[in-house]
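See structure below.
The values are calculated or read from the model by the stated rules, or taken from the named source; none is laboratory data. Values in this document were obtained by computation on a predicted structure and should not be read as measured data. Cβ sites come from the backbone with ideal geometry, for glycine too, and all protein chains shown count toward neighbours. With ligands, DNA and RNA removed, areas are computed over all heavy atoms of the protein, side chains included. Shrake-Rupley method; radii C 1.70, N 1.55, O 1.52, S 1.80 Å.
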Amino acid sequence: TALGRGDSVVVIGLGRFGQALALELAESGVDVLGIDTDETIVQDFNGRLTQVVRADATREEVLRQLGVADFTHAVVAIGSSMEASILASSWLLRLNVPHVWAKAITAAHGQILTQLGVHHVVYPESDMGRKVAHLLRGTIADYL
Ligand code: ATP
């Protein structure tokens, strides 16, 4: 499901993962709404994304008011609060956002997200660990 014209992405949680994701997309011209509860973060991202809003994404009425149901893609980038991650993911699914992505911190967290119906669950640390192993193997192979 590559992004095309007319696609829009809502990124929930602008921590290290969410920030990198949102900026990368915005810089390539994608319509990005960022949501975070932290006022300092929201101020910092003002003008760098299509829209940035200070809001609690675990509240359904907040997501509705922000028009999240009209987005084609959503990414839940909250990690440390599994409860917040699960709640936000569950509202996005209930609002019928077509492509819901979420990051998981532990295997149990990922399993719950998958069971909820989240379309793509990513594990930043273990995914990147595997990727670096592949990169290392490629590099080492050059010297064998
Ligand atoms: P990272 O590793 O990407 O830096 P993390 O896994 O430690 O992040 P958190 O710190 O839990 O994840 O959350 C990332 C961001 O999500 C933070 O900026 C936090 O303010 C925001 N956040 C947490 N709860 C909510 C919520 N209910 N609604 C919106 N944003 C939230």
- Message: Checking the condition without any contact (Cβ under 8 Å) to a residue 40 or more places away in the chain, among the charged types (D, E, K, R) and surrounded by 16 or more Cβ atoms within 10 Å (Cβ to Cβ), which residue from D31, D56, D38 passes?
- Response: D31
- Within segment 73-83, work out how many residues are closer than 21 Å to S126 by Cβ and either open to solvent by less than 50 Å² (accessible area, probe 1.4 Å) or of a type outside the set (A, V, I, L, M, F, W, C) (or both). 7
- Note on the structure: Scanning segment 108-126 residue by residue, those away from the ligand (no atom under 11 Å from the Cβ) and either part of a strand (DSSP E or B) or open to solvent by less than 40 Å² (accessible area, probe 1.4 Å) (or both) turn out to be G110, L113, G117, V118, H120, V121, V122
- Message: Cβ-Cβ distance below 9 Å, separation of 6 or more or different chains: which pairs start in segment 65-84 with a residue that is of a type in the set (D, E) and end on one that is within 12 Å of the ligand (Cβ to nearest atom) and modelled with pLDDT of 95 or more?
- Response: E83/T58
- Scan segment 34-64 residue by residue and report those that are within 8 Å of the ligand (Cβ to nearest atom), farther than 13 Å from A88 by Cβ and not in a loop (DSSP other than H, G, I, E, B). I41
- Query: Filter segment 96-107 for residues that are within 15 Å of the ligand (Cβ to nearest atom) and surrounded by fewer than 18 Cβ atoms within 10 Å (Cβ to Cβ); which is farthest from L33 (Cα to Cα)?
  - Reply: T106
- Task: Among the candidates L87, L14, L92, L21, single out the residue that is of a type outside the set (S, T, N, Q), within 11 Å of the ligand (Cβ to nearest atom) and either at pLDDT below 95 or open to solvent by less than 30 Å² (accessible area, probe 1.4 Å) (or both).
- Result: L14
